[in-house]
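Read the structure below first, then the notes.
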Amino acid sequence: MTILVLNAGSSSLKYQLFAFKADGTHEVLSKGGVERIGLAGSFVAHKGRGGAEIRIDGDIAGHTDALKKVFAALCDKDCGVISGVGDISAFGHRILHGGEDFSSSVILTEENLEKCAKNIDLGPLHMPANLACVEACKKLKSDIPNVGVFDTAFHSTMSKTAYMYAVPYSYYTDYKIRRYGFHGTSHRYVSGQAADYLKKAGCKTSRIVTCHLGNGSSVAAVKDGKAADTSMGLTPLEGLVMGTRSGDIDPAVIEFISRKTGESISEILTVLNKKSGVLGISGVSSDFRDISAAAAAGNERAELALSVFAYHVKKYIGSYAAVLNGLDAVVFTGGVGENSADMRARITKDLDGIGIRLDEAANKSIARGVLSEISKAGEAVRILVIPTDEELVIAKETYELVGGCA
Ligand code: AMP
């Protein structure tokens with residue numbers, strides 16, 4: 001069974017093509033991305049057969065156009081991996097917001113698509129692109145299933161105590177204002193991997209904090225496979241300090257800045273989403289490699305950005321240790337969590353009071369792409385680095401929902 005996984009942004013489209021065998025094992029046939037959809041200078045960057053890389057330039061007006069270009073690359077005469085759209089058995093889509101309607105992945109029937117459309121205002125930047133991509137797939141090949149895998153779904157097990165904001169209750173009933181959480185596919189995958197690891201290590205409970213640290217960052221508290229709490233909220237702006245997002249701030253800052261600068265609420269929210277976080281503090285970059293290099297060269301604001309970022313992750317770990325009544329494991333994943341030994345060391349420094357102690361040597365020498373334990377032997381809490389694979393989870397969900405081998 002051949003499954004095309006699609007992750008659509010407003011002007012981008014990432015894709016990965018998976019082949020599943022009858023025994024459920026899989027292989028990635030190809031992957032790539034379309035950039036600058038609807039803008040000047042659009043192109044497809046594609047990795048095909050044998051890892052061959054090709055780039056297709058040309059006008060790409062919308063997601064339908066983008067998908068046609070993706071198929072041109074997938075069927076390329078030199079490095080193609082399929083002969084046509086007829087070879088695809090199902091499309092798996094990453095959908096940003098499931099609202100309160102979706103607690104698991106679903107086949108995107110007309111009824112489910114109508115429910116998705118009602119949630120557009122919960123994710124106005126991403127949802128139109130996600131749904132446009134589903135429509136483009138239906139147009140291209142109407143007789144195969146489209147599966148929706150929601151970023152919010154894993155967090156649907158949070159209790160009302162955890163997800164309610166302390167605002168007038170009517171905001172919740174009338175406007176669905178509450179914590180939803182994001183990065184759910186990643187938190188689910190790495191917490192599942194960690195739980196399997198803990199079980200093999202003889203651990204009787206499974207109280208895990210998963211730290212997905214990348215450009216966007218979030219933390220989740222996971223008990224026995226179920227999300228108990230998470231740091232992102234109604235939108236991905238809440239929670240940790242991120243590449244360009246502020247994370248938690250006093251909401252009164254918005255009116256204060258508006259009075260000082262005359263900017264509108266929407267302009268200030270753009271600043272909080274795009275010009276804040278470690279970029280805002282450091283003034284250097286949103287990229288952690290650039291900031292680390294600047295900090296190493298003596299840039300004090302870059303150093304401050306890294307320490308504020310680490311401090312906030314640490315605060316959430318402590319808070320979720322309380323939520324879970326103790327911890328069995330802390331998991332690091334995402335571009336920063338998987339690759340930055342320095343950031344893992346900063347976050348776990350002085351946490352031995354709650355049983356978290358890093359093995360410095362192991363932290364610095366982990367192999368890429370595999371689960372690694374980096375805690376000191378004998379400590380109560382295991383520290384694990386687990387590579388995330390959101391596309392694989394979407395492909396597996398799609399495979400299961402459309403009934404295995406076809
Ligand atoms: P993601 O959004 O998960 O793809 O993560 C992207 C972030 O990971 C960027 O800010 C990168 O700078 C950061 N990153 C990737 N590799 C490293 C590394 N070796 N050290 C520090 N940060 C890294």
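The values are calculated or read from the model by the stated rules, or taken from the named source; none is laboratory data. What you are looking at is a predicted structure, and each value in this text was computed from that prediction instead of being measured. Methodologically, a virtual Cβ is constructed for each residue, glycine included, from the backbone with ideal geometry; neighbour enumeration extends over all protein chains shown. The area values use the complete protein model at the heavy-atom level, side chains included, leaving out ligands, DNA and RNA. Shrake-Rupley method; radii C 1.70, N 1.55, O 1.52, S 1.80 Å.
Table for the structure above
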quantity: Shape call, the chain: gyration tensor on alpha carbons, a/c limit 1.5; calculated: rounded
quantity: Heavy-atom accessible area ranking, 1.4 Å probe, most first, across Asp389, Asp59, Asp174, Asp328; calculated: Asp59, Asp174, Asp389, Asp328
quantity: For segment 142-182 and segment 55-110, distance of Cα centres in Å; calculated: 25 Å
quantity: Sum of side-chain charges, Asp224 neighbourhood, beta-carbon under 15 Å (Lys, Arg +1; Asp, Glu -1); calculated: +3
quantity: Cross-link partners of Lys47 among lysines (Cα-Cα below 17 Å; sequence separation of 8 or more within a chain); calculated: Lys14, Lys31, Lys68, Lys69, Lys77
quantity: Accessible area (Å², per residue) of the chain, counting only protein heavy atoms and a probe of 1.4 Å; calculated: 46 Å²
quantity: Distance (nanometres) between label positions extended 7 Å along Cα→Cβ at Lys199 and Lys139; calculated: 4.5 nm
quantity: Principal-axis tilt of helix 300-323 within the chain, Cα atoms, nearest 10 degrees; calculated: 90 degrees
quantity: FRET efficiency estimate (nearest 0.05) - Cβ-Cβ, Ala61 to Lys275, R0 41 angstrom; calculated: 0.90
quantity: Value of relative contact order over the chain, rounded to a whole percent, pairs C-alpha under 8 Å and six or more apart; calculated: 14 percent
quantity: Local net charge near Ala362, Cβ-Cβ under 15 Å (Lys/Arg +1, Asp/Glu -1); calculated: 0
quantity: Segment 54-100 shape via C-alpha gyration tensor axes, a/c threshold 1.5; calculated: oblate
quantity: Label-reachable residues, segment 151-171, where backbone N falls under 15 Å from a point 7 Å from Ser103's Cα toward its Cβ; calculated: 152-163
quantity: Degrees between helix 265-274 axis and first principal axis of the chain (Cα, 0 to 90, nearest 10); calculated: 90 degrees
quantity: Separation between Cα centres of segment 353-369 and segment 305-348, rounded to whole Å; calculated: 12 Å
quantity: Calculated FRET value between Ser159 and Arg49, using beta carbons and R₀ = 35 Å, to 0.05; calculated: 0.10
quantity: Prolate/oblate/rounded label for segment 51-146 (Cα gyration tensor, a/c 1.5); calculated: prolate
quantity: Relative contact order [Cα under 8 Å, 6+ residues apart], segment 8-152, whole percent; calculated: 23 percent
quantity: Size of electric dipole in the chain: Cβ of Lys, Arg +1 and of Asp, Glu -1, about Cα centre, debye, nearest 20; calculated: 480 debye
quantity: Neighbour-limited loop hits for trypsin sites (Lys or Arg not before Pro), segment 201-235 (at most 12 other Cβ within 10 Å; DSSP other than H, G, I, E, B); calculated: Lys204
quantity: Scattering curve values for segment 231-273, log₁₀ I(q)/I(0), Debye with Cα scatterers, q = 0.25 Å⁻¹; calculated: -0.87
quantity: Val323 paired with Lys77, simple spin-label distance in nm, labels 7 Å along Cα-to-beta-carbon; calculated: 5.6 nm
quantity: Positive minus negative residues near Thr152 (Lys, Arg vs Asp, Glu; Cβ under 15 Å); calculated: 0
quantity: Sequence-distant aspartates and glutamates (8 or more away, or on other chains) whose Cα lies within less than 19 Å of Lys139; calculated: Asp65, Asp87, Glu110, Glu111, Glu114
quantity: Surface share of carbon and sulfur [accessible, 1.4 angstrom probe, percent] for segment 158-218; calculated: 53 percent
